[in-house]
1. What number of residues within segment 166-193 satisfy the criterion of being part of a loop (DSSP other than H, G, I, E, B) and touching a Ser or Thr at 6+ places or on another chain (Cβ under 6 Å)?
2. So, in segment 33-73, how many residues would count as being more than 22 Å from residue 248 (Cβ to Cβ) and in contact with an Asp or Glu (Cβ under 9 Å, 6 or more places away or on another chain)?
3. Would you be able to say whether some residue in segment 238-253 is closer than 30 Å to residue 24 by Cβ and either surrounded by 13 or more Cβ atoms within 10 Å (Cβ to Cβ) or not aromatic (Phe, Trp, Tyr) (or both)?
4. Cβ contacts < 9 Å: first residue more than 13 Å from residue 63 (Cα to Cα), restricted to segment 114-130; second residue among the basic types (Lys, Arg), any location; separation 6+ or different chain. Result?
5. Under 9 Å by Cβ, and 6 or more places apart or on different chains, what pairs join a residue from segment 152-166 that is closer than 15 Å to residue 114 by Cβ with one that is of a type in the set (Val, Ile, Thr) and outside any helix (DSSP H, G or I)?
6. For segment 220-237, how many residues meet the condition of being assigned to a helix (DSSP H, G or I), among the aliphatic types (A, V, I, L, M) and exposed (fewer than 12 other Cβ atoms within 10 Å of the Cβ)?
7. Condition test on residue 200, is it surrounded by 16 or more Cβ atoms within 10 Å (Cβ to Cβ), of a type in the set (Val, Ile, Thr), under 26 Å from the mean Cα position of the chain (by Cα) and modelled with pLDDT of 90 or more?
8. What are the pairs with Cβ atoms under 6 angstrom where one residue, in segment 82-107, is within 30 Å of residue 154 (Cα to Cα) and touching a residue at least 60 places away in the same chain (Cβ under 8 Å) and the other, located anywhere, is charged (D, E, K, R) and surrounded by fewer than 22 Cβ atoms within 10 Å (Cβ to Cβ)? Sequence gap at least six, or different chains.
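The values are calculated or read from the model by the stated rules, or taken from the named source; none is laboratory data. Owing to the predicted nature of the structure, the values given are computational and were not obtained by experimental measurement. A quick note on method: Cβ atoms are made from the backbone with ideal geometry, for glycine too, and the neighbour counts reach across all protein chains shown.
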Amino acid sequence: MKNSNCSLEFLPTTFILVGIPGLEAEHIWISIPFCMMYIIIFLGNGIILHVIRTDSALHQPMYLFLALLALAEVGVSASTLPTVLGIFLFGSTEISFDACLLQMFSIHSFSIMESAVLLAMSVDRFVAIYSPLHYTAILTRPRVFGTGVIIGLKSIMLMAPLPMLLRLLPFCGHNALSHSYCLHPNLIHLPCGDISINNIYGLFIVTSTFGLDSLLIVISYGLILHTVLSITAGEGRKKALNTCSSHVCAVLAYYVPMIGLSMVHRFGDPVAPLLHAMMANAYLFFPPVVNPIVYSMKTKEIHHGIVRILSKKRPRI
């Protein structure tokens, strides 16, 4: 329980970040897989964005939503890159108070966007399977772009109050964080004042975004499964399910690490710091690393587009 009568209250100028607890001497070697992950994230998602942008045949709702997903994943990764590589490559563990709040805002905003885009993609798959003849009439390009704008604005508006609420809280000498970046579940344990409002609003964000999105995704796939089972032809069922396989992988890659991290933060006080660090890294790095690989391999149009780019013949000199 927080002590609101702490004798020394202040607003910290910096926070202390950590890399991998217990492996500080090996940080320079640990930086290698992190650098490789960032290369995969930015190169993989960048290629997918380039393929979708340059191929007019891919300017369809399914691929436009995939482009939004890639943008959100790039945003999350770009938000963590300065502090993660700063710690592992240069041993820089300090981050200013305002920069920490900005990083927290950015990471969580893009994460909310990612969850909302996954929901939009599940609705897209349901419409494509349930009413294929009216698919393009229902999910028009203006509606897709409008959905993207709404998702972006919702993410920003929901997250905007959290940095301000944190600035209003008193801190009492505790400024050490548990990760290589600033996350709200970690920051909220540092103030020594009453954090009830912060906890209530944080719970509201989680339930109204991740909780609601995941519930609607499950409902969407229940409807998809019901629709697919009504298809008599076995080949038709297989084809319909194949169109959802990449998205199912993306949903699992996103929600499984997030649920694991939530459990660690909620019940993990006695859990080793190493587990905290590993779960947080899995939550932020696993989806943007895995999704470009999955979509490149399992989505025929994206795969062909990548092959076409890589196999372009150089002009003869």
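1. Of the residues in segment 166-193, 3 are part of a loop (DSSP other than H, G, I, E, B) and touching a Ser or Thr at 6+ places or on another chain (Cβ under 6 Å).
2. Summing the residues that are more than 22 Å from residue 248 (Cβ to Cβ) and in contact with an Asp or Glu (Cβ under 9 Å, 6 or more places away or on another chain) in segment 33-73 gives 2.
3. Yes; the residues of segment 238-253 include at least one that is closer than 30 Å to residue 24 by Cβ and either surrounded by 13 or more Cβ atoms within 10 Å (Cβ to Cβ) or not aromatic (Phe, Trp, Tyr) (or both).
4. Close Cβ pairs satisfying both conditions: 116/154.
5. So the pair list comes out empty.
6. 1
7. Spelling it out, it is not the case that residue 200 is surrounded by 16 or more Cβ atoms within 10 Å (Cβ to Cβ), of a type in the set (Val, Ile, Thr), under 26 Å from the mean Cα position of the chain (by Cα) and modelled with pLDDT of 90 or more.
8. Every condition considered, no pair remains.
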